[in-house]
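Read through the structure below, which is laid out as structure tokens, and then see the notes.
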Amino acid sequence: MSSSSQLKAALARSVQTAGRPPHTGSPSSPVPLPATVAPTPAAQPNGGWTEHKAPDGRTYYYHKASGKSSWEKPDEMKTDAERALNQAAGQWKEYTSAGGKKYYYNSVTKQTQWTIPEELQAALTKEPPHAASAPAAPARAANTPTGGAPSAAPTKPAAEEFCELLVEAGCKPSMSWEEAMKLIINRPNYRVLATLAERKSTFLKWAEELREAEEERERKKLRHLKIEFVNMLKECKELTSRTRYAKVIELFQSDPRWSNLEDELEREELFEEYSLSLERKETADRRNLRKERMAAFKALLAAKEIGVRAQWRQVQAQLDQEEAFRAIEKIDRLQVFEEYIRELEQLEEQQKQKQREATRREERRKRDQFRSLLGSLHEEGKINFKTKWKDVVETLTPTDAYRAAVEQPGSTPAELFADFIDQLEQQWQSRRRIMKPLAPTVTETSPFDEFETQIRAADETNALEGIPVDAIKAYWQELQTAAVKEKEEDERRTERRNRQLMESYQSALRGLMGATLTAETTWEEVSTVMQGKSAAQALSEELQQNAFNELLSQLKASPTATASADVAADEGADEASEKKKKKKKHRGSDEDGEDEERRKRKKKSS
């Protein structure tokens, strides 16, 4: 056993410390048994065990058959009372706390204490310290000669004996080492520790632990006195947060709990703390009472069915005699009233909001109903993206959906129809972009069946899936209409060109024949004159003859016309002819450009 452990074992008998330490720690290490000496028979065997005396007078026990010896009395030799005492002592375990102090724990009752239990103390006092904490007998038998007994009795730990010496000599923890040494130096056990350094170190540790124990006792005592003092204050119903300390002295100076706490500053400080707690409690009580009264007044307003348009002046006059009204402060009355009115306003606004939401839902339902009607007409083929409002308004007017849409203040039926057509237009354009690269060339005579077969044959990626036949047919109609318009435009361009060429032909004919050109002039004469001329070469013989016949009709319609007029008209014939040729050439190039542009647009649209 170390000197520190020995010192603490001694302190366990000299200091009684209250408290409940933590249950953590490690049990103390057992101390090995001393060596054995040869037995001296002193009693009759009992279960093979015999009792013997060691040279120093202490009793030990020897088992002849096994050759074992023990300081501890075997169970076979114990009385019933001794067995009960050892069993009680065995319930206690010794541990060491984190601070190095030992404490004891009962594994049955779960009790923990700093002081050594009475049962364990009784078991220790009836046998040497080493034997009390020694392990089982087989551990000693290894050092015992066969058939032998203990050779020498174990001595008390030196540090423990030295601490007992300090107590017996009347040493105090407040003494210095020099003062303590004067009291113990002449005593027999002074040299139980070999060196002066060990003695001084042991004394200092002993004094320090005693001082700590004493300080702990004082702290516990002061804590208990403070608790009693505060309880004394709590028991007095006369105290309030405004009570002066002088009044407190007058009330409690005869109470032992007042005088037990000797420090006047401690008493005053504890009273101040208690006074603050009273102030907090009184403040909380006032706050709660105020809340209760305000709640009661608010309930009164609701019970009297005060409305959201009520005026405070009228409410005051109405509730003046009510208990809940009179119990509350004026400023709190107004605050509760304003809060009550705000809640009514919020409730009213919530109800209005709900009504508005219901109205909006109803209006939305009516618009959706009208949209459903338009969708049905579209599925029936009565409406498409090209349909105009004037074309369907007569159909829609008699329906309930139309009348409901007219009644709601949102979008009008015409606006809803326009939105629906826009959606159809967007849908059509999306489908058109899909069909455009797949569509074949369409003329004014191309049948739909042939068009559908060709466009579906070109759809290798199933892009047309989801596009109805009506949409495909509408695209075919669009392409066919464009082809018809293109043909008509080509015919008009050809007609304009032929007209210009015929006019040039007539001008050239007038210039060449002059006065000889009369209403009696024959086609044979004209064809001979115009043969090889550029104006004649630009026209077919049929158109040349048509131009001549037209000119001849003009001459017949104007019989007063003379050859001189023709000659006069012919003076600038050549110049006019050249200008017309240049103009025709320029116009022809423009028309050719327009034709080319139309062909490009046609190719792009197809």
Of the candidates Arg499, Arg510, Arg599, the one satisfying the condition of being closer than 30 Å to Pro440 by Cα and either at pLDDT 85 or above or not small (Gly, Ala, Ser) (or both) is Arg599
Picking from Arg313, Arg365, which residue would you name as being in a helix (DSSP H, G or I) and assigned by TED's automatic domain parsing to the domain that holds Glu415? Arg365
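One line per residue, one yes/no per condition, for (1) under 30 Å from Val167 (Cβ atoms); (2) basic (Lys, Arg):
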site	(1), (2)
Lys220	yes, yes
Glu228	no, no
Glu235	no, no
Glu238	no, no
Arg242	no, yes
Ala246	no, no
Ser254	no, no
So which residues in the stretch 405-460 are acidic (Asp, Glu), surrounded by 12 or more Cβ atoms within 10 Å (Cβ to Cβ) and within 48 Å of the chain's Cα centre (by Cα), if there are any at all? Glu415, Asp419, Glu425
On the given criteria, is Leu225 in a helix (DSSP H, G or I), at pLDDT 90 or above and either farther than 30 Å from Pro157 by Cα or not assigned by TED's automatic domain parsing to the domain that holds Ser277 (or both)? yes
Does Gly381 qualify as being over 30 Å from Ser241 (Cβ atoms), in the same structural domain as Gln408 (by TED's automatic domain parsing), in contact (Cβ under 8 Å) with a residue 12 or more places away in the chain and of a type in the set (Gly, Ala, Ser)? yes
Tell me which of these Glu488 doesn't satisfy, since it passes every other one: (1) at pLDDT 90 or above; (2) out of contact with any helix residue (DSSP H, G or I) (no Cβ under 8 Å at 6 or more places or on another chain). (1)
Restricting the search to the stretch 181-206, which residues are touching a residue at least 24 places away in the same chain (Cβ under 8 Å), among the hydrophobic types (A, V, I, L, M, F, W, C) and not in a loop (DSSP other than H, G, I, E, B)? Val192, Phe203, Leu204, Trp206
Scan the stretch 376-395 and give yes if some residue there is over 42 Å from the mean Cα position of the chain (by Cα), in a helix (DSSP H, G or I) and basic (Lys, Arg), otherwise no. yes
Condition first: within 28 Å of Gly410 (Cβ to Cβ) and surrounded by 12 or more Cβ atoms within 10 Å (Cβ to Cβ). Now tell me which residues in the stretch 321-361 satisfy that. Glu348, Thr359, Arg360
So is Gln318 surrounded by 12 or more Cβ atoms within 10 Å (Cβ to Cβ) and either part of a helix (DSSP H, G or I) or not β-branched (Val, Ile, Thr) (or both) or not? yes
Is there a residue in the stretch 473-481 that is surrounded by fewer than 15 Cβ atoms within 10 Å (Cβ to Cβ) and either under 60 Å from the mean Cα position of the chain (by Cα) or in the same structural domain as Gln426 (by TED's automatic domain parsing) (or both)? yes
Selection over the stretch 253-276 where residues are of a type outside the set (Asp, Glu), under 18 Å from Glu238 (Cβ atoms) and exposed (fewer than 14 other Cβ atoms within 10 Å of the Cβ) yields a count of 3
I'd like to verify a number: residues in the stretch 364-386 that are touching a helix residue (DSSP H, G or I) at 6+ places or on another chain (Cβ under 9 Å) and within 13 Å of Pro413 (Cα to Cα), how many? 8
Subset of the stretch 490-532 (residues that are surrounded by 14 or more Cβ atoms within 10 Å (Cβ to Cβ) and among the charged types (D, E, K, R)): Arg493, Arg497, Glu503, Arg510, Glu525
Does Lys291 satisfy the condition of being basic (Lys, Arg), farther than 30 Å from Lys234 by Cα and either touching a His at 6+ places or on another chain (Cβ under 7 Å) or in a helix (DSSP H, G or I) (or both)? no
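The values are calculated or read from the model by the stated rules, or taken from the named source; none is laboratory data. If you're wondering where the values come from, they're calculated on a predicted model, not measured in any experiment. Counting neighbours? That spans all protein chains shown, and the Cβs are built from the backbone with ideal geometry, glycine included.
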